[in-house]
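Read through the structure below, which is laid out as structure tokens, and then see the notes.
The values are calculated or read from the model by the stated rules, or taken from the named source; none is laboratory data. Worth saying up front: this structure is predicted, and the values here are computed from it rather than measured. Virtual Cβ from ideal backbone geometry, glycine too; neighbours counted across all protein chains shown. What goes into the accessible areas is simple: the full protein's heavy atoms, side chains included, and nothing from ligands, DNA or RNA. Shrake-Rupley method; radii C 1.70, N 1.55, O 1.52, S 1.80 Å.
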Amino acid sequence: MDPEDRVASWNSGAERLLGYSTEEILGRDCACFFTPDEVQKGVHEAELRRAAETGRAADDRWHVRQNGSYFFASGITTSLRDAQGALLGFVKIMRDRTDRKRLDEELRNRAEALSRADEEKDEFLAVLAHELRNPLAPVFYALRLLDEKPLDDPNRWYIRRIVDRQMRRLARLIDDLLDVSRIRTGKVELRKSRVDLSAIVGHAVEVARPLAEDRGHGLDVSLPPEPVWLEADPVRLEQVFSNLLSNAVKFTEDGGKIALVAERHGQEVVVRVRDTGVGIAPDLLPRIFDLFTQGDRSIDRSRDGLGIGLTLSRRLVEMHGGTIEAHSDGVGRGSEFVVRLPAFLHHGPPPDERSEERRVGKECRS
């Protein structure tokens, strides 16, 4: 470059790196190699001043090629002077470091992701310890009472119910953990058959309705008038809808409203689970299906669970060729989970299977 930062000499390496031919670039200001933002800040001018004052200026930054693409380069600008010390111009050597830069960024992103995952793991282990200890306390208390009660004491059956209920809760926690592990390692196999959606929903509602009634929730279920046949593992889909309904119950204040609405749309069925509960914060919504993600514990710590139910639900739905989405207008404004599953346009199971499926569906609607 001459003292005014215009290109005076150009070699084949510069042409390969920046895209300009010698005829195109001679006499042009070197600012054209810098990003618009750095040109506006006068970065290239400051670099030349530093080289003129100290004899050398080094930089590592993004530059712009003739075609507008960006590349990351390490550069050294050296001043050229005559025997009397008068400035003749500058020489700049550039080396393309784009691959190295992107690798560094990828490694940094991975390190940040690993750090977040490690924090989430520690948080999850703390939650797991809390959730496992919760049912153990009443179990130990009940066992102590059993030791104190005579065999013919009429209250022994009540104490046994406490133990049974808490042990079932522990079993569910462990089952969820095992399911996550199996799905992530590809060890879960779906046992598909042709089933009516109403039967699957009916069984899920059977699980959630007692919980809803305990908290005074209204639970409305609306299904298509005609059978909707799926090729699905009924146990796994029941698990999905039971989890969505149970979450709606847990995260809705007493006396709230919960609705499950299923509709047929062409070759798919859309199932919506809505509630008037605590809602989902905007920053949490994009991560709501991530493993171990949990909401604000200040709302009610006892309702959080392990934060793996929605992860399980998403993966089970995807294994059925469907999708699941979460929607919420924000904290305190309820939420909606939308499950889309492929469905048969016509034809159901053999007649002997159909009667049982519709019986369960009718019970669900009633």
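Of the listed requirements (1) out of contact with any Lys or Arg (no Cβ under 6 Å at 6 or more places or on another chain); (2) in a helix (DSSP H, G or I); (3) at pLDDT 50 or above, LEU316 misses just one: (1). If I filter the range 236-254 for residues that are open to solvent by 60 Å² or more (accessible area, probe 1.4 Å) and polar (S, T, N, Q), do I get at least one hit? Looking through the range 236-254, none of the residues is open to solvent by 60 Å² or more (accessible area, probe 1.4 Å) and polar (S, T, N, Q). What are the residues in the range 46-69 that are among the β-branched types (Val, Ile, Thr) and exposed (fewer than 12 other Cβ atoms within 10 Å of the Cβ), if any? Result: THR54, single match. Residues that are open to solvent by 20 Å² or more (accessible area, probe 1.4 Å) and modelled with pLDDT of 90 or more are absent from the range 293-311. Applying the selection to the range 15-42, what residues are in contact (Cβ under 8 Å) with a residue 12 or more places away in the chain and open to solvent by less than 30 Å² (accessible area, probe 1.4 Å)? Within the range 15-42, LEU17, LEU18, TYR20, ILE25, CYS30, ALA31, PHE33, PHE34, THR35 qualify.
If you go through the range 214-229 and keep only what is without any contact (Cβ under 8 Å) to a residue 60 or more places away in the chain and either assigned to a loop (DSSP other than H, G, I, E, B) or over 13 Å from ALA248 (Cα atoms) (or both), you end up with ASP214, ARG215, GLY216, HIS217, SER222, PRO224, PRO225, GLU226. Figure legend. Inter-residue proximity from the range 250-266: first residues of a type in the set (Phe, Trp, Tyr), second residues open to solvent by 30 Å² or more (accessible area, probe 1.4 Å) and outside any strand (DSSP E or B), beta-carbon distance below 9 Å, spacing 6+ or different chains. Indicated pairs: PHE251/GLY295; PHE251/ILE299; PHE251/ASP300.
If you check VAL188, VAL240 for being part of a loop (DSSP other than H, G, I, E, B), in contact (Cβ under 8 Å) with a residue 60 or more places away in the chain, of a type in the set (Val, Ile, Thr) and closer than 29 Å to LYS121 by Cα, only one passes: VAL188. Applying the condition of being under 30 Å from PHE72 (Cβ atoms) and hydrophobic (A, V, I, L, M, F, W, C) to the range 100-155 and asking which residue is modelled with the lowest pLDDT yields ALA117. Kindly establish whether PHE72 is open to solvent by less than 40 Å² (accessible area, probe 1.4 Å) and either at pLDDT below 90 or in contact with a His (Cβ under 8 Å, 6 or more places away or on another chain) (or both). The answer is yes for PHE72.
Output the qualifying pairs, or none if there are none: Cβ atoms under 7 angstrom, residues six or more apart or on different chains, first residue in the range 83-100 and in contact (Cβ under 8 Å) with a residue 24 or more places away in the chain and over 13 Å from ASP60 (Cα atoms), second residue among the acidic types (Asp, Glu) and outside any strand (DSSP E or B). Hits for this filter: LEU88/ASP82; GLY89/ASP2.
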